[in-house]
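To keep things clear, I will list the structure first and then write my remarks on it.
Every number in this text was worked out from the coordinates using simple rules, so none of it is lab data. The structure presented is a predicted model; accordingly, all values stated were derived computationally and were not measured. Don't worry about glycine lacking a Cβ; one is built from the backbone with ideal geometry, like all the others, and counts go over all protein chains shown.
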Amino acid sequence: MLRPDRRPLWHLTAHDDAMAKRFLSDADGRVDLNRLADLRILDAPDDAMLGRSVLISSTRQLPAVLALLRLDGIARRVLLCPPDLASEHLAGILADGEVDTIVSDGTGPAGAPVSGLAFVRCVAEPASAAPLAAPLGAAAFDTEWLLLTSGTTGRPKLVVHSLASLTGPLNDGLTTAAAVWSTFYDVRRYGGLQILLRALLGGGCMVLSQSGEAVGDFLARAAAARVTHMSGTPSHWRGALMSGARTGLMPAYVRLSGEVADQAILDNLAAAFPLAQVAHAFASTEAGVAFDVRDGLAGFPATLIGGSGAAAELRVKDGSLRIRSGRTASRYLADGAALADADGFVDTGDMVERRGDRYHFIGRREGIINVGGQKVHPEEVEAVLNRHPAVRMARVRGRRSPIMGAIVVADVVLNDPASPDGFQAVSASILEACRATLPAHKVPTMLRQVPSLEISSSGKLARPAAGRRHA
Amino acid sequence: MEIRSEIVSEIQRIALQQRKTLRPLTDEVGLLECGLDSLCLAILVAALDDRLDLDPFGDDTQVPFPVTLGDFIRLYEHAAA
């Protein structure tokens, strides 16, 4: 697909008169966007980068964003490499992306030169010393943006997007010049990249998160920068609600995506941020943004399914949500698997169920726990657990059983940690609530109190494979 | 004796939790006739694995499935020996 506008990202960013007030920041630095043209970002002239296939590697996000600004429209491909890519996958990713050049500040998964590939330094702290001319006014290449899928195991696949597919969802009235955006996501993942593009193209500012930074420190930075629009997964937000540092954060808009937003987290966020609109969006790296829901209720209106003429068309087939739109990625690289079916619909693998006039997400197809032939989605049980007033966060998973194949067990983080004796009473009350709403095979057979639950690098609740023990 | 009493007390705990009415727990009563259903039995096996560190079904060796409560208890006593 051709980009609707031949201008590269650099020029699309520098489009208004309010540049003096605009900035990008992370934990270690800040760049005023009106100084972009003075910055020396890459240690190579633009002609040397023309037509290259580039992997950008940095632990921090700010140097990577600056490199991206410089390279869009010049490079043939830009591979946005998240800082947590496992080292054993690097060679495969470089080969799949046909990468010929690494751009790095010396950190990240490809922070050191790789034999056979060009290595161009991007400066971690831009200096105004030897400015390069602004990139070409018109894009020389409709640069392919390569993103990694957030698959749970094995080598991630590379998904091909374009600036057009990535900016497709931005025309929804949210992207205002006054916005100071922030996200718990890394912008080298789809959910974070959406927010970055909203900030850059919409005329706003952005506070970037930083790998390894404590959630309290990040929220304090966001509050100090007067962030108005903030996004993250429900797991990110549960962590934020548990952090005292959210005091001072006064967002006008709170966005959830990446996991099922249950009613409990929506209500908790509405109570914590009474002035904010709390919205949840559905998107995936492959399918792009499908829709967002702003009425404060879990699930989405059934009227979204089957309609035509919308920016994203939705259908439900075999229980899973399918999406067709100009926002979907064009293909996987180096993988025979088709991204979309013959009609152009991407199967999201997210299972939905109609209840009244709304559809609700009940879980991932591959996450199903099979209890003696009866299917249980962890997320539907977690939604019930999370509704209990004592529960802050829950994780449900299968435990292998020689009798039933698997049984359902749950770990819970309580709002107020209980002693072992105290937990017995809380546990009985939680399980009672489960029995009131769930059939017996879905009720957790064991409930364990844990101090915290691991969140994966993509911001989602980490889900270990079913094991023998409840540990 | 210790294993027998652990098993019996776990059965009683699970029956209470799952709202099942138990028949007298004699050695001759069938496992699935004592009042527990197969989900309860699955919970029992997992609970005993945690409490006694015994999982006679978990090894790769084929275990003849116990029919009566007595068979079940002997299986665990054998695994502990």
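Residue farthest toward the positive end of the dipole of chain B, with Cβ of Lys/Arg at +1 and Asp/Glu at -1: which of B:Gln18, B:Leu41, B:Val63?
Result: B:Gln18.
Show the residues, 5+ positions off or on another chain, whose built amide H is closer than 5 Å to the amide H of A:Lys157.
Distant-sequence amide H within range of A:Lys157: A:Thr149, A:Gly151.
Using all Cα-Cα distances in the range A:368-449, what percent lands in each 10 angstrom bin from 0 up to the longest?
20, 53, 24, 3
Quick check: residue separation of A:Asp217 and A:Ala91 times 0.36 nm, minus the Cα distance between them. What number comes out in nm? Intermediate results must be reported in sequence, preceding the final value.
On the way: separation 126, 0.36 × 126 = 45.36 nm, distance 3.41 nm.
Separation in residues times 0.36 nm, less the Cα-Cα distance, equals 42.0 nm.
Dipole size in debye (nearest 20) for the protein assembly as shown around its Cα centre, Lys and Arg Cβ +1, Asp and Glu Cβ -1? Let's see the in-between values first.
Numbers: 57 positive and 63 negative charges, 224 e Å.
Magnitude of the dipole: close to 1080 debye.
Could you list which residues have their amide H under 5 Å from that of A:Gln277, counting only those 5 or more apart in sequence or on another chain, with H placed in the peptide plane?
A:Tyr253, A:Val254
Helix check for chain A. Which DSSP H runs span at least 24 Å along their own axis by Cα, with a mean Kyte-Doolittle hydropathy no less than -0.5? Intermediate values should be presented prior to the final figure.
Working: long enough: A:420-437 (26 Å, 0.32).
Membrane-span-like by this criterion, though nothing is claimed about a membrane: A:420-437.
Ignore the peptide's own chain and count Cβ atoms of other chains within 10 Å of each Cβ in A:402-409; give me the average, rounded. List each step's numbers first, then the result.
Details: counts 12, 11, 7, 1, 1, 5, 2, 2.
That average works out to 5.
Say the dipole of chain A comes from +1 at the beta carbon of Lys and Arg and -1 at that of Asp and Glu; which of A:Pro82, A:Leu158, A:Gly372 then lies farthest toward its positive end?
Positive-most Cα among the choices belongs to A:Gly372.
If I model the range B:2-80 as equal point scatterers sitting on the Cα atoms and use the Debye formula, what is log10 I(q)/I(0) at q = 0.13 Å⁻¹?
Each listed q corresponds, in turn, to -0.34.
Using the Karplus curve 6.51 cos²θ - 1.76 cosθ + 1.60 with θ = phi - 60°, what ³J(HN,Hα) values do you get for each residue of the range A:319-331, in whole Hz, with x for Gly and Pro?
3J(HN,Hα) across the range A:319-331, in whole Hz: x, 10, 7, 10, 10, 10, 6, x, 8, 6, 5, 7, 5.
Residues of B:18-25, mean number of Cβ from any other protein chain within 10 Å of their own Cβ, rounded to a whole number?
On the way: counts 4, 2, 0, 0, 0, 0, 0, 0.
Other-chain Cβ atoms within 10 Å of each residue's Cβ, averaged: 1.
Work out the FRET efficiency for A:Met250 and A:Asn415 from their Cβ-Cβ distance, taking R0 = 22 Å, and round it to the nearest 0.05.
Numbers: r = 23 Å, r/R0 = 1.04.
The calculated FRET efficiency here is 0.45.
Please state the charge dipole magnitude for chain B, taken about the Cα centre, from unit charges on C-beta atoms (+1 on K and R, -1 on D and E), reported in debye and rounded to the nearest 20. Could the numbers behind the result be given before it?
Details: 7 positive and 15 negative charges, 95 e Å.
Charge dipole of chain B: 460 debye, to the nearest 20.
For a quick size check, give me the Cα extents of chain A along its three principal axes, largest first, whole Å.
Computed over chain A, the largest-to-smallest principal extents equal 68, 49, 46 Å.
Within chain A, what percent of beta bridges assigned by DSSP are antiparallel, to the nearest 5? The partial results should precede the final answer.
Working: 49 of 86 bridges.
Within chain A, antiparallel bridges account for around 55 percent of the total.
What does the helix-only formula give at 222 nm for chain A: each DSSP H stretch with n ≥ 4 adding -39500 (n - 2.57), the total divided by the residues, and the result rounded to the nearest 500 deg cm²/dmol?
Numbers: 11 runs with 104 residues, N = 471.
The helix-only estimate for chain A comes to -6500 deg cm²/dmol at 222 nm.
Could you tell me which of A:Met250, A:Thr176, A:Ser25 has its Cα farthest along the dipole of chain A towards the positive end, charges placed at Cβ (Lys, Arg +1; Asp, Glu -1), taken about the Cα centre?
Comparing the listed Cα positions along the dipole, A:Met250 ranks first.
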